[in-house]
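The structure appears right after this line, and notes come after that.
Read-outs throughout are calculated quantities, based only on the coordinates presented, and are distinct from any laboratory measurement. Only a predicted model underlies this, so the values are computations on that prediction, with no experimental measurement involved. With ideal geometry, Cβ positions are generated from the backbone for all residues, glycine too; neighbour counts draw on all protein chains shown.
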Amino acid sequence: MFNQDRETQRSSSNDIRVVLADDHQLFRQGLKALLELERGITIVGEASDGLEVQRVSLELQADVVLMDINMPIVDGLSATRELLRANNNIGVIILSMHHEEGHVFQALRAGARGYLLKTSRVSEVAGAVRAVASGLSLLDPSVTSSVVSEFRRMSTKQTPEDGLGQLTETEIKILQHVAAGMSNKEIASKLSLAESTVKNRLSVLFEKIGVLDRTQAAIYAITHGIAPTAVQSSR
Amino acid sequence: MTPHPLADRIHNRTLQLLGSAMLQTEMCEQLCKLGRHDDVPATLVELRSSLEQAAVELRSIMAELRDESLKNPVA
């Protein structure tokens, strides 16, 4: 599938060596013809499935691979993972019709350093090739917002969960009793602690789970499933 | 979740053909910029062919959707 002899003759030693992986020949031909007009970029090989792209990219020492997702034998995401396992210096840019965030996250998890839609102009693809070859990452603007939203969602979700993991056994018990509506005095008596100790422990606990007061702490305990009915009914 | 077969067909055929058509329009642009006007008609023929194939695909998908809606009419 790849035309090694002809392509290597054409390439200058400083050119970015690119491999195109797409099972749609018509698309590959069009992209190749246009990318060849770009300065500093040489298409050194082509592949039409996820297995071939790994072999071609390693053999031809590609700098950047433009990879489709839906390909026969091995899909583009698995091929990315395997290829980077063999050579982590190769920059993989996913070039797909899929704009769903699930595909973008899977691509990033597989190690892709770029994600572009096939509706991108070739000048944008060439820009991404240059960016990735110089060690940068690049996402299509139309998928960036979903990535940012997911990052925000994960950040807000992560803080309390992390806080929960930081709580000691005593702090969890205190939180359970707070959720049951007990006062500091009642908690102190229940856990055989000084009231001042409960007060101090609560301040630390609030900080760990990122809440401001005992009402928020009680809500946190209920929503995180650490306020058992037995404790609530023990009052 | 497995995508609907029609979604797969739209992705694998229609969208790919439209993607190729977009590249062919860019090729025409580039050929004009490079002064290679004689090469433009051939690229336009390819472009028309891609669009025709995409239209054929869409018509076929529409026919399937019509069949499905006849089988499962909205109450």
Reachable lysines, given that their alpha-carbon falls under 23 Å from the alpha-carbon of residue A:190 and they are not under 8 places away in the same chain: A:173, A:199, A:208
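Where the only charges are on Cβ atoms (+1 Lys, Arg; -1 Asp, Glu), what is the dipole of chain A about its Cα centre, to the nearest 20 debye? If you can, show how the numbers build up before the last one.
Numbers: 25 positive and 28 negative charges, 197 e Å.
The dipole magnitude comes to about 940 debye.
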Tally Lys and Arg at +1 and Asp and Glu at -1 over the other residues with C-beta under 13 Å from the C-beta of residue B:65: what net charge comes out? 0
Over the Cα atoms of the protein assembly as shown, what is the Rg over Rh ratio if Rh follows Kirkwood? 1.21
The longest stretch of chain A containing none of the GluC sites (Glu not before Pro) that sit in a DSSP loop with at most 16 other Cβ atoms within 10 Å is A:101-235
Could you state the per residue volume, in Å³, of the convex hull enclosing the Cα atoms of the range B:21-64? 40
Positive-end residue, the range A:159-233 charge dipole about Cα centroid, Cβ charges, pick of A:226, A:183, A:202: A:183
Under a Cβ-only charge scheme (Lys and Arg +1, Asp and Glu -1), can you give me the dipole magnitude of the range A:4-143 about the Cα centre, in debye to the nearest 20? 320
Using only the alpha carbons of the range A:99-230, determine the length spanned along each of the three principal axes and report them from longest to shortest in whole angstroms. 72, 28, 22
Values of log10 I(q)/I(0), in the order q = 0.24 Å⁻¹, for the range A:21-89 under a Debye, Cα-only, solvent-free model: -1.06
In Å³ and rounded to a whole number, note down the convex hull volume per residue for the Cα atoms of the range A:159-233. 76
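Under the definition of Cα pairs under 8 Å and six or more residues apart, what whole-number percent is the relative contact order of chain B? If you can, show how the numbers build up before the last one.
On the way: 38 pairs, mean separation 29.1, N = 75.
Taking the mean separation of contacting Cα pairs over the length of chain B, I get 39 percent.
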Projecting the Cα atoms of A:143, A:88, A:164 onto the charge dipole of chain A, where Lys and Arg contribute +1 and Asp and Glu -1 at Cβ, the residue farthest towards the positive end is A:164
Run lengths n ≥ 4 of DSSP H only: what is the helix-derived mean residue ellipticity at 222 nm for chain B, with -39500 (n - 2.57) per run over all residues, to the nearest 500? -25000 deg cm²/dmol
Mind jotting down the three principal axis lengths of the range A:4-143 based on Cα atoms? Whole angstrom, largest first. 40, 30, 28
Give me the dipole magnitude in Debye, nearest 20, for the range A:80-149 about the Cα centre, with unit charges on the beta carbon: positive for Lys and Arg, negative for Asp and Glu. 200
How much mean residue ellipticity at 222 nm does chain A get from its helices, if each DSSP H run of length 4 or more adds -39500 (n - 2.57) and you divide by all residues, to the nearest 500 deg cm²/dmol? -17500 deg cm²/dmol
